[in-house]
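Notes follow the structure.
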Amino acid sequence: MARERKVLDALDTAKTQWYHFTAVVIAGMGFFTDAYDLFSISLVTKVLGRIYYFNPDSKSPGTLPPNVSAAVNGVAFCGTLAGQLFFGWLGDKMGRKKVYGMTLMLMVICCLASGLSFGSSAKGVMATLCFFRFWLGFGIGGDYPLSATIMSEYANKRTRGAFIAAVFAMQGFGNLTGGIVAIIVSAAFKAGFDAPAYKDDRAGSTVPQADYAWRIVLMFGAIPALLTYYWRMKMPETARYTALVAKNDKQAAADMARVLNVELVDEQEKAVMAEEAAARREQYGLFSREFARRHGHHLLGTTVCWFVLDIAFYSQNLFQKDIYTAVQWLPKADTMNALEEMFKISRAQTLVALCGTIPGYWFTVFFIDIIGRFAIQLGGFFLMTAFMLGLAVPYHHWTTPGNHVGFVVMYAFTFFFANFGPNSTTFIVPAEIFPARLRSTCHGISSAAGKMGAIVGSFGFLYAAQSTDPSKTDVGYPPGIGVRNSLFVLAGCNVVGFFFTFLVPESKGKSLEELSGENDMEAEPAAAANSYRQTVPDSGQVE
């Protein structure tokens, strides 16, 4: 117990060192790959529709049918949800390091396989693409609980929030890189294989080589993951897992002395009574009454907040097409060829990532250990609600000519305060407040709830946001409640997140053991030992 306490204290008080930044890069590259793989599909769906669902009799270019679009975009989210639950549990059973390598190799293999999707028909290509993207999502899902848990267990308590936020912020660079790669690929193919616009030549507007463009974009995501694999395997197991779960405090001390350049001196062992009490210390499980008493409300808070946040966050993607049209980034589809449309969509989404997504993430990195998680999450939900209502109440005003700039500004602020707010904190807090032996599992449960919200947001509102007028809906979609009413619903989701934030404790400046209550459990053996000493006379005492 003495050595274990020494290791944990050394981790909490260790100065920020080069290894901390190395861990951010290694863990963050996983999230870079996650974001690239999850969101790059939205850059190529228009091309997929033109290639595989071309109708020579239609005045509009081919598009993915609603059910196919939902499957192609959503199957990775379903895989991610399953992976978060499975690998989160496995990370607590086998250790963070062992499982970390599994998830990365699964991502590399399925990323390459997605680009090699085969078949002689549209149905065959879409089916194989969905199959491999499900398993790609399964691997991505494991990265959520493992990356967050590993970074939280390596970091010191003073800068822990910034380091976990920096890992998560790599998502922004993944989004940005996806857009840049798609721009380069589409521009290169367009220069080499130029074609007329769809209205001028329906069949000729999509050159056969466009089938290679989308595959290259998807397969590129395997490169950063593959480059990171060696360094992930070189990382030692986290000292907190080794000491608190594997019960090998000697190995934990040796690992941390090596990577953090600190000397951990052995201390005299505690009294026999204290050791026996420690061995009997209650190791409550996830479904026990003790867990419900200590952390049940915390888990409820993290899952509900992440669920409603992702409904709102992923639903914002629905309105990007309106913004692109408002600022005239995207002309009508029939005025472009397939590769030109891919280029302009990629350029628009790259600008959104550069101006709205990335700044919000890094504001969180710089301020989270100053302001605190609670204030950032609460303020983020509040301001997201305010800006969504600011879009919804005068929605008809914003969509009239001359007012589009205001709509874009309001939309950008909604995105900014999602990232400088609950989109970051919902990832960070579950990695801090639960016991070491359940930390990865609880983070997996929380992130899976978020991914369930993403599925609702991406597809439920894909239908809900359709116009109430059947003549104005997108091809193949039934009437919905309209964009304005959808914004009101999303604002309501943010209000729910605002109130459930009060169930989650502030973790700024506290050790993981203090937050999880493991310090309280360690105090019980010491108290038992003190009581024992008071009742048993010292062997050298003269009576």
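Observations
- Residues (at negative phi and not hydrophobic (A, V, I, L, M, F, W, C)) located in the stretch 387-405: Gly390, Pro394, Tyr395, His396, His397, Thr399, Thr400, Pro401, Asn403, His404
- For the stretch 54-74, the set of residues classified as open to solvent by less than 30 Å² (accessible area, probe 1.4 Å) and either assigned to a helix (DSSP H, G or I) or within 30 Å of Tyr230 (Cα to Cα) (or both) consists of Pro66, Val68, Ser69, Ala70, Val72, Gly74, listed by residue number.
- Lys157 passes every criterion in (1) surrounded by fewer than 24 Cβ atoms within 10 Å (Cβ to Cβ); (2) under 12 Å from the mean Cα position of the chain (by Cα) apart from (2).
- Summed over the stretch 94-134, residues that are among the charged types (D, E, K, R) and outside any helix (DSSP H, G or I) total 0.
- The stretch 131-178, residues that are among the polar types (S, T, N, Q) and modelled with pLDDT of 90 or more: Thr177
- Here Asp37 clears all of (1) acidic (Asp, Glu); (2) touching a residue at least 60 places away in the same chain (Cβ under 8 Å); (3) not in a helix (DSSP H, G or I) except the condition numbered (3).
- Residues of the stretch 474-496 classified as in contact with a Ser or Thr (Cβ under 7 Å, 6 or more places away or on another chain) and open to solvent by 30 Å² or more (accessible area, probe 1.4 Å), total: 4
- Options Gly91, Gly49; residue that is in a helix (DSSP H, G or I) and under 22 Å from the mean Cα position of the chain (by Cα): Gly91
- When restricted to residues that are aliphatic (A, V, I, L, M) and open to solvent by 10 Å² or more (accessible area, probe 1.4 Å), the stretch 432-467 contains 9.
- Residue satisfying all of: in the stretch 35-53; open to solvent by 10 Å² or more (accessible area, probe 1.4 Å) and of a type in the set (S, T, N, Q); modelled with the highest pLDDT among these: Thr45
- Scan of the stretch 502-518 for residues that are open to solvent by 60 Å² or more (accessible area, probe 1.4 Å) and in a helix (DSSP H, G or I), ordered by number: Phe502, Glu514
- Among the residues of the stretch 167-184, not a single one is among the polar types (S, T, N, Q), buried (at least 20 other Cβ atoms within 10 Å of the Cβ), over 26 Å from the mean Cα position of the chain (by Cα) and in a helix (DSSP H, G or I).
- Of the residues making up the stretch 10-34, those that are modelled with pLDDT under 75, part of a helix (DSSP H, G or I) and either buried (at least 23 other Cβ atoms within 10 Å of the Cβ) or β-branched (Val, Ile, Thr) (or both) number 2.
- Residues in the stretch 110-128 that are without any contact (Cβ under 8 Å) to a residue 60 or more places away in the chain and among the hydrophobic types (A, V, I, L, M, F, W, C): Cys110, Ala113, Phe118, Ala127.
- Residue within the stretch 463-479 that is in contact (Cβ under 8 Å) with a residue 12 or more places away in the chain, in contact with a helix residue (DSSP H, G or I) (Cβ under 7 Å, 6 or more places away or on another chain) and assigned to a helix (DSSP H, G or I) present: yes
- Screening Met342, Met410 for residues that are in contact with a helix residue (DSSP H, G or I) (Cβ under 7 Å, 6 or more places away or on another chain) and either modelled with pLDDT under 90 or open to solvent by 40 Å² or more (accessible area, probe 1.4 Å) (or both) leaves exactly one candidate, Met410.
- Odd one out for Phe499 among (1) under 27 Å from Leu378 (Cα atoms); (2) touching a residue at least 12 places away in the same chain (Cβ under 8 Å); (3) surrounded by fewer than 16 Cβ atoms within 10 Å (Cβ to Cβ): (2)
- Ala243 at pLDDT below 90, over 31 Å from the mean Cα position of the chain (by Cα), part of a helix (DSSP H, G or I) and not aromatic (Phe, Trp, Tyr): no
- Candidate set from the stretch 382-400 (those that are of a type outside the set (A, V, I, L, M, F, W, C) and not in a loop (DSSP other than H, G, I, E, B)); member that is most open to solvent (accessible area, probe 1.4 Å): His396
The values are calculated or read from the model by the stated rules, or taken from the named source; none is laboratory data. Keep in mind the model is a prediction, meaning the values are calculated, not measured. Positions of Cβ are backbone-derived with ideal geometry, glycine not excepted, and every protein chain shown enters the neighbour counts. To get the accessible areas, we keep the full protein, side chains included, count just its heavy atoms, and leave off ligands, DNA and RNA. Shrake-Rupley method; radii C 1.70, N 1.55, O 1.52, S 1.80 Å.
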